[in-house]
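Since every read-out is calculated from the coordinates, none of them should be taken as a lab result. Note that the structure is predicted; figures quoted are calculated from it, not measured. Methodologically, a virtual Cβ is constructed for each residue, glycine included, from the backbone with ideal geometry; neighbour enumeration extends over all protein chains shown.
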Amino acid sequence: MALGRGSALVLLVCFFVLHSELANAAIYTVGGTGGWTFNTVGWPQRKHFRAGDTLVFKYSPGVHNVVAVNKAGYDKCITPRGSKVYRSGKDQIRLVKGQNYFICNFAGHCQSGMKIAINAA
């Protein structure tokens, strides 16, 4: 089945809108030059995140990790069942619209401020 001019134009416009959204996405290194470590809980302050932005978590694997959790996991420093655990030391995670929560679930790390909450518009 061939596409008519109108259908092809709609596909082309959709492609450019999607490409534009991805081209405008920002990349943030969590914790700045210090990377993902203790006392990063305040790192997101005064930053404006959008859905599609990428967070890069740099850390020593085996010493830390990154776990995408829900609000309860963030507040209580626990890893809810089904949470995604990252262990590479150079994890890249794309933000979704709304609240995004991340912790390190090594014993005592989250409680020592190794957690961030980010609201992506």
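Over segment 26-120, the ratio between the Cα radius of gyration and 2.2 N^0.38 Å evaluates to 0.95. Taking other C-beta atoms within 10 angstrom as a stand-in for reagent exposure, Lys115, Lys58, Lys76 fall in the order Lys76, Lys58, Lys115, fewest first. As a length-normalised measure over Cα pairs under 8 Å and 6 or more apart, the relative contact order of segment 26-120 settles at 36 percent. Less than 17 Å from a label point 7 Å out along the Cα-to-Cβ axis of Thr33: which backbone N atoms in segment 47-89 qualify, by residue? Residues 58-59 qualify, since their backbone N sits under 17 Å from the label point.
Extending 7 Å from the Cα toward the beta-carbon at both His48 and Ala121 defines two label points whose distance is 0.5 nm. Exposure proxy for Val96, Val41: other Cβ atoms within 10 Å of each Cβ, ordered fewest to most, give Val96, Val41.
Take the Cα of Val85, go 7 Å toward its beta carbon, and the backbone nitrogen atoms of segment 37-65 under 15 Å from that spot belong to 61-65.
Projecting the Cα atoms of Asn105, Ala120, Trp36 onto the charge dipole of segment 26-120, computed from C-beta unit charges around the Cα centre, puts Ala120 farthest toward the positive end.
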